[in-house]
1. Can you count the Lys pairs in the chain whose Cα atoms are under 19 Å apart, with each pair 8 or more apart or on different chains?
2. Taking the Cα centroid of the range 58-85 and of the range 86-112, what is the distance between the two, rounded to the nearest whole Å?
3. For the range 1-97, which GluC sites (Glu not before Pro) are in a loop by DSSP, counting at most 15 other Cβ atoms within 10 Å?
4. I need I65, I105 ordered by Cβ neighbour count within 10 Å, fewest first.
5. Hey, what angle do you get for helix 14-25 against the long axis of the chain, alpha-carbon based, 0 to 90 degrees rounded to 10?
6. Between E10 and E77, take the C-beta separation as r, use R0 = 30 Å, and let me know the FRET efficiency to the nearest 0.05.
7. Residue separation times 0.36 nm, minus the C-alpha to C-alpha distance between S51 and Y89: what's the value?
8. Sort Y52, Y61, Y17 by Cβ crowding within 10 Å, fewest neighbours at the top.
Amino acid sequence: MANWVIRAAETWLEPLYEHMKGLLIKQQVIQADETTVQVLHEEGKKPESKSYMWLYRSGRYGPGIVLYEYQPSRAREHPREFLKDFKGYLVTDGYAAYAGISPNIINAGCMAHYPRNMVIQ
């Protein structure tokens, strides 16, 4: 049964994911974030170690797209590879891995990154 699920994912879901990624990359604004996830049986890692789920989301305009990408680390290479064809504004929380990943990307901070009492003009 597991093989059926794997085959269905490869045949039907992977092309859908790639199509959605193509639409996402064409947007002017993308939001990105990453969060830890625990993987119990990951080769070469202890069950207590951290892995990461990277999130990429379309902005306010255009089709609403949210894509997740699992990666074993929080390295800069992951958003650099995912966003290699993107040209526009990348809204993030200020994590250094997003800075300078492409000359075609303008890094924009999200409001959660600013103190409450800060006045933005």
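Here, each number is a calculation from the coordinates, and none is a lab measurement. What you see is a predicted model; the values in this text were computed from it and never measured. All Cβ positions, glycine included, derive from the backbone under ideal geometry; neighbour counts span all protein chains shown.
1. 4
2. The distance from the Cα centre of the range 58-85 to that of the range 86-112 comes to 11 Å.
3. Values: sites: E10, E18, E34, E42, E43, E48, E69, E77, E81; in loops: E42, E43, E48.
Here the sparse-neighbourhood loop sites are E42, E43, E48.
4. Details: I65 17, I105 20.
Lowest count first: I65, I105.
5. Roughly 10 degrees between the two axes.
6. Numbers: r = 24 Å, r/R0 = 0.81.
Once rounded, the FRET efficiency stands at 0.80.
7. Full-extension gain reported as 11.1 nm.
8. Y61, Y17, Y52
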